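Below is one structure; the comments refer to it alone.
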Amino acid sequence: MKIRNLSLLLIGGVCVTVVVYACILLYLTWPISEFSVTKSGVFGDSFGALTSLFSGLAFAGLIITIVMQKDELALQREELSLTRQELTCQREEMEVQNETMKIQRFENTFFKQLEFLAICRNDIIISMRDGQNPIGRNAIKIIYENFTENYLKASNMGEWGISTYIFKNTCKRISGINKEYEKFYSEQYGAELCKYFRTIYNILKLIDTKSLNIDKKIYSNLLRAQLSRYELSMLFYNCLSTFGEQKMMPLVKEYKILKHLEESTLPPENIEIWKQFNSQQTSAETSV
C-alpha cells in the first residue's frame, strides 16, 4: 500500500473514531439541559480517555517505526556487505582477466620473435669458392669453424714448407679471445651475425620481464631448443666478447641458455674457460 493511501486511511480512521465517540456521548447524555462554556468544558474533558488512547497508540507507533527502521538499516548494511563482496569478486576476476591478457600478449610476441629468429638465421648466407652457398645453421657452423681455425689459431710454417695451425697462447685467456673476436666480427661476419644475436638478446629481455607471473623456465627452454650446437658455441664466444659481456652474458647465464653446450665443439684450450662460465651458470641456478 502506498504511503499516501495509508496516511489518508489513518487520518480518516481517527476522524471517524472521534465522531463516533462524540455521537455516543451525545446519545448517552441527551437531552442536554444547558449549553454553556462550563458545560462544554465538561464535554471536552470526556474525550480524555480517547486522547490517552491515541497518545498510547502514537507512542506505540513510534516504537514500531524505530524497530522497522532498525530492521531496514540492518537489511541495508547486509545489502552493502553483499555489494562489497560482489565488487571484490568482480575486481579479482578483472585482475585475473588482465593477467591472462598480459600473458597472451607476451606469448604472441614471444612466438613471433622465435619466428623472426628463424628468419634471421636463414638470412645468414656464406658464399663458398666451390659455388655452394650454405645458409642458416650450416652457414653458422662454417662461420664458427672459420673463427676457431683462423682467429684463435695462427699459421706456422713447419719443416718441408708445410703450414700448420697452432692455437694462440693469448687466446687461452678471455682477453685474447675478446681481441680476436673483435677482429673477426669487424673484418668478416659482423653484418651477418649482429641481427641474429640482437634478436636472441631481445627474446631474453622479453622473458626477463618482471611484471608477468609466468614460469620463465618454460620459455627459456623453448628458446634454447631452437639453437644448434654450433649456434650455442658461437653464442658462448659472443658472450665473452665486448659485444655481449655486459648485456647478453648476464641473461644467458641467468636462464642457462648454454646449459647443453657440447664441449666437443670447443677447442680443448678453451675448455677451462667454458667450465668456469658453466659453473657461474650453475651458481646462478642454485641462487634462484
Q: Please tell me if Glu187 is open to solvent by 40 Å² or more (accessible area, probe 1.4 Å), more than 19 Å from Asn138 (Cβ to Cβ) and not polar (S, T, N, Q).
A: yes
Q. Going through segment 230-255 one residue at a time, which ones are under 27 Å from the mean Cα position of the chain (by Cα) and either buried (at least 17 other Cβ atoms within 10 Å of the Cβ) or of a type in the set (Gly, Ala, Ser) (or both)?
A. Met248, Met249, Leu251, Val252, Lys253, Glu254, Tyr255
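Here's the yes/no breakdown for (1) under 34 Å from the mean Cα position of the chain (by Cα); (2) among the charged types (D, E, K, R); (3) not in a helix (DSSP H, G or I):
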residue: Ala74; (1), (2), (3): no, no, no
residue: Gln85; (1), (2), (3): yes, no, no
residue: Gln90; (1), (2), (3): yes, no, no
residue: Glu95; (1), (2), (3): yes, yes, no
residue: Glu99; (1), (2), (3): yes, yes, no
**Q.** Breaking point among (1) of a type in the set (Asp, Glu); (2) touching a Cys at 6+ places or on another chain (Cβ under 9 Å); (3) exposed (fewer than 14 other Cβ atoms within 10 Å of the Cβ), for Glu180
**A.** (3)
Q) How do the pairs read when you match residues in segment 212-229 that are open to solvent by 80 Å² or more (accessible area, probe 1.4 Å) with residues anywhere that are part of a helix (DSSP H, G or I), using Cβ under 9 Å and keeping only pairs 6 or more apart or on different chains? A) Asn213/Glu99; Asn213/Lys102; Asn213/Ile103; Arg229/Lys141; Arg229/Ser264; Arg229/Thr265
**Q.** Which numbered condition Lys141 misses (of (1) under 24 Å from Ile124 (Cβ atoms); (2) open to solvent by less than 20 Å² (accessible area, probe 1.4 Å); (3) not aromatic (Phe, Trp, Tyr))
**A.** (2)
Q. Checking Ile271 against (1) in a helix (DSSP H, G or I); (2) in contact (Cβ under 8 Å) with a residue 24 or more places away in the chain; (3) among the β-branched types (Val, Ile, Thr), which single condition isn't satisfied?
A. (2)
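Anything in segment 97-138 that is touching a strand residue (DSSP E or B) at 6+ places or on another chain (Cβ under 9 Å), open to solvent by 70 Å² or more (accessible area, probe 1.4 Å) and of a type in the set (A, V, I, L, M)? List them, or say none. Don't jump to the end; show me each part of the working.
Filtering segment 97-138 down to residues touching a strand residue (DSSP E or B) at 6+ places or on another chain (Cβ under 9 Å) leaves 121-126, 133-136.
With open to solvent by 70 Å² or more (accessible area, probe 1.4 Å) added as a condition, the list becomes 122-123, 125, 133, 135.
Answer for segment 97-138, where residues must be touching a strand residue (DSSP E or B) at 6+ places or on another chain (Cβ under 9 Å), open to solvent by 70 Å² or more (accessible area, probe 1.4 Å) and of a type in the set (A, V, I, L, M): Ile125, Ile135.
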**Q.** Filter pass, Leu53 being surrounded by 10 or more Cβ atoms within 10 Å (Cβ to Cβ), at pLDDT below 75, among the aliphatic types (A, V, I, L, M) and not in a strand (DSSP E or B)
**A.** yes
Q) Does Arg198 satisfy being in a helix (DSSP H, G or I), modelled with pLDDT of 90 or more and touching a His at 6+ places or on another chain (Cβ under 8 Å)? A) no
Q: Output the residues belonging to segment 201-210 that are open to solvent by 80 Å² or more (accessible area, probe 1.4 Å) and either assigned to a loop (DSSP other than H, G, I, E, B) or on the phi > 0 side of the Ramachandran plot (or both).
A: Lys210
Q) Looking at segment 167-188, is at least one residue more than 47 Å from the chain's Cα centre (by Cα), at pLDDT below 90 and either in a helix (DSSP H, G or I) or more than 17 Å from Asn270 (Cβ to Cβ) (or both)? A) no
(Q) Tell me the residue from Lys70, Lys112, Lys141 that is within 30 Å of Arg229 (Cβ to Cβ), out of contact with any helix residue (DSSP H, G or I) (no Cβ under 9 Å at 6 or more places or on another chain) and part of a helix (DSSP H, G or I), please. (A) Lys112
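The values are calculated or read from the model by the stated rules, or taken from the named source; none is laboratory data. It should be emphasised that the depicted structure is a prediction, and the values quoted were computed from it without experimental measurement. Note: ideal-geometry Cβ built from the backbone for every residue, glycine included; neighbour counts use all protein chains shown. Surface areas here come from the heavy atoms of the whole protein model, side chains and all, with no ligands, DNA or RNA. Shrake-Rupley method; radii C 1.70, N 1.55, O 1.52, S 1.80 Å.
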